[in-house]
Each structure stands twice: as structure tokens, then as C-alpha cells.
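Working notes, structure below.
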Amino acid sequence: MTRFCDKPKDWMDLPRKELDEATQHVIEDFHSRQASGETEEEAFQSLFGKEQPGRVRCYERSITQSNLRRHAEVAAIK
């Protein structure tokens with residue numbers, strides 16, 4: 001199976017309707033994997049690949065875990 005992030009086109013370049021269909025397909029695949037007994041983490045990893053050291057998924061490249069922690073600490077102080 002091809003992972004979502006291995007698709008030949010960059011998802012940012014897809015027209016909205018095509019992107020919505022691709023997203024819906026991934027969501028359905030995720031739910032079917034969970035129904036077959038995979039944990040959420042296993043299902044997510046099988047669709048999007050392994051975690052990369054120093055990176056945070058679903059954020060831009062410059063965001064790190066320490067940036068998120070620092071932001072949470074500042075928000076808690078305010």
C-alpha cells in the first residue's frame with residue numbers, strides 16, 4: 001500500500017476537491033485499520049511513515065518539540 005505522504009504529487013498542489021477526496025480516503029483507511037485491531041499509533045504510522053527525530057508531525061518544518069513546550073509555558077504564564 002502506498003502511504004499518503006508517498007503519493008507522487010505534493011498534497012499542497014492538489015485541487016481542493018481532489019485533496020478532500022484523498023483526505024477522506026486516508027481517514028477511511030485509518031478507521032479500517034483501527035477496526036482490524038491496529039492501535040491508533042500503528043495505524044497512523046502505517047499511513048504516514050515513521051516519526052523523524054526532532055520533527056513534530058502536522059506542523060511546519062521549523063517547529064520542534066521544544067518550541068511547542070516553550071509556547072505552552074508562555075501561554076500558562078499569561
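Principal axis extents of the C-alpha atoms in the range 15-77 (largest first, rounded to whole Å): 41, 33, 23. Taking label positions 7 Å along the Cα-Cβ direction at both SER36 and ARG55, the computed distance is 2.5 nm, reported to one decimal. Residues in the range 50-61 carry Karplus couplings, in order, of 6, 5, 9, x, x, 10, 10, 5, 6, 10, 5, 4 Hz; the curve used is 6.51 cos²θ - 1.76 cosθ + 1.60 with θ = phi - 60°, and Gly or Pro positions show x.
Give the distance, in whole Å, between the Cα centre of the range 45-66 and the Cα centre of the range 23-40. That distance is 20 Å.
With the simple model of a label 7 Å out from the Cα in the direction of the Cβ, VAL26 to SER62 spans 2.3 nm.
Laboratory data are not the source of any read-out in this text; all were calculated from the coordinates shown. Because the structure is predicted, anything quoted here is derived from the model rather than measured. Note that each Cβ is placed from the backbone with ideal geometry, even for glycine, and that neighbours are counted across all protein chains shown.
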